[in-house]
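In what follows, a single structure is set out as structure tokens and then discussed.
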Amino acid sequence: MRHQLITGAKRVVLKIGSSLVASRDLGLRHDLIARLSRDIAELKTQQREIVLVSSGAIVAGIEKLGLKTYPQTIPLKQAAAAAGQSHLIHAYEKCFQETGQKVAQILLTHQDLTDRKRFLNARHTLTTLIELDVIPIINENDTVSVEEIRFGDNDTLAGQVAHLVDADLFVILSDVNGLYTEDPRQNPQAKLIPVVEEITPDIEQRAGTSRSEESRGGMVTKIQAAKDVGQFGVPTLIMNGETPDLLTQIFAGEGQGTLFLPQDRRLPSRKHWIAFTLRPKGQLVLDDGAVEALRHRGKSLLPSGILNIRGEFSSGDPVSCVDANGKEFAKGLVNLSSQSLEKIKGRKTKEVQEILGGKEYEEIIHRDNLVIL
């Protein structure tokens, strides 16, 4: 299974971590960028389609601007990203040019993908670049990103890109070999896990947090990204980008790393977008009957099943559905605003028109716009 999923993958999203391409003291690691560029160009000769997501702009900017410490304020981080991004893409451009491979730069924010039209526009652009035999190099647009519109880390961004381009395989290159039975930095006897069939709470607990300011993610975000893309039917491979020739070995059916298998049931693209790209703007607390109807009978959500409403949202916004104990079990696009729902929660459908007046939706969330998590 592992061999088939990796060697048979044609379209691959490859995420390169900050520590691989830059360090705070030395700036860009030109030697490693050059080696990875040669390895990726070699994969292209095997008729594989590569989409690259690269971190490192802020760290590269720290060295370029001569900053003594990692920037703590948003304006200083944005300034470092602006200085470092041009430095970073120039290094990729130069290294890939030596292999005869063309590249293109794309900068994204989370907001670019939450709007369905912009999501599809980004998909068309990336698909066209792939058809033109160009490698897209994607990074978060840190120069304009603030908390409300940022992905938070490039593991999450790369996972979204894997969905965006309908990838066959998602590869995360890091400074670790993969997922271990324990933290190998604390227990040298820890063993590498070659295949994870299902991401259970136990697997999630094995992941520690990042120990450096340069890396915003750590193993936690890598496993979460693997969990998200697995819902779309995409396997994830985490491997050590520091190891020479490992990338070519992996696609020859050799080498190490941890492969996370996808779920058997693949979510349609639009439902995956609702579940994992959109961020809920509110929360609906549902009674047991509504939970049962949504979870097991494929029904739409009606006002009678709503116990409580949290947050403020408008018609068409994404919301989270939780049971009476507060456990989230679904996400969806709501047909009415929070103000309107406050007036009709718990009411029968036939009462809605009398309360709100005019012709309103019968369903609060239609099953076509609802995703069970």
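The values are calculated or read from the model by the stated rules, or taken from the named source; none is laboratory data. Every value quoted in this text rests on a predicted model; they were computed, and no experiment measured them. Counting neighbours? That spans all protein chains shown, and the Cβs are built from the backbone with ideal geometry, glycine included.
Things to note:
- Those residues of segment 85-128 which are aliphatic (A, V, I, L, M) and under 23 Å from residue 20 (Cβ atoms), in sequence order: 88, 89, 91, 103, 104, 106, 107, 108, 126
- Options 6, 40, 62: the member that is farther than 22 Å from residue 127 by Cα and in contact with a Phe, Trp or Tyr (Cβ under 9 Å, 6 or more places away or on another chain): 62
- Residue 262 vs. criteria within 30 Å of residue 193 (Cα to Cα) and touching a Pro at 6+ places or on another chain (Cβ under 6 Å): yes
- Looking at segment 250-344, the helices (runs of 4 or more DSSP H) lying wholly inside it that each contain 1 or more residues that are within 30 Å of residue 240 (Cβ to Cβ) sit at 269-276.
- Selection status of residue 37, hydroxyl-bearing (Ser, Thr, Tyr), closer than 25 Å to residue 163 by Cα, surrounded by 14 or more Cβ atoms within 10 Å (Cβ to Cβ) and in contact with a strand residue (DSSP E or B) (Cβ under 7 Å, 6 or more places away or on another chain): no
- Exactly one residue out of 197, 140 is of a type outside the set (A, V, I, L, M), touching a residue at least 24 places away in the same chain (Cβ under 8 Å), under 19 Å from residue 89 (Cα atoms) and in the same structural domain as residue 255 (by TED's automatic domain parsing), and it is 140.
- Considering residues of segment 128-154 that are surrounded by 14 or more Cβ atoms within 10 Å (Cβ to Cβ) and modelled with pLDDT of 95 or more only, the residue farthest from residue 76 (Cα to Cα): 130
- The single residue among 78, 4, 46, 72 that is surrounded by fewer than 18 Cβ atoms within 10 Å (Cβ to Cβ), part of a helix (DSSP H, G or I), of a type outside the set (Ser, Thr, Tyr) and modelled with pLDDT under 95 turns out to be 4.
- Just one residue in the set 278, 259, 237 is within 15 Å of the chain's Cα centre (by Cα), within 30 Å of residue 42 (Cα to Cα) and touching a residue at least 12 places away in the same chain (Cβ under 8 Å); that residue is 237.
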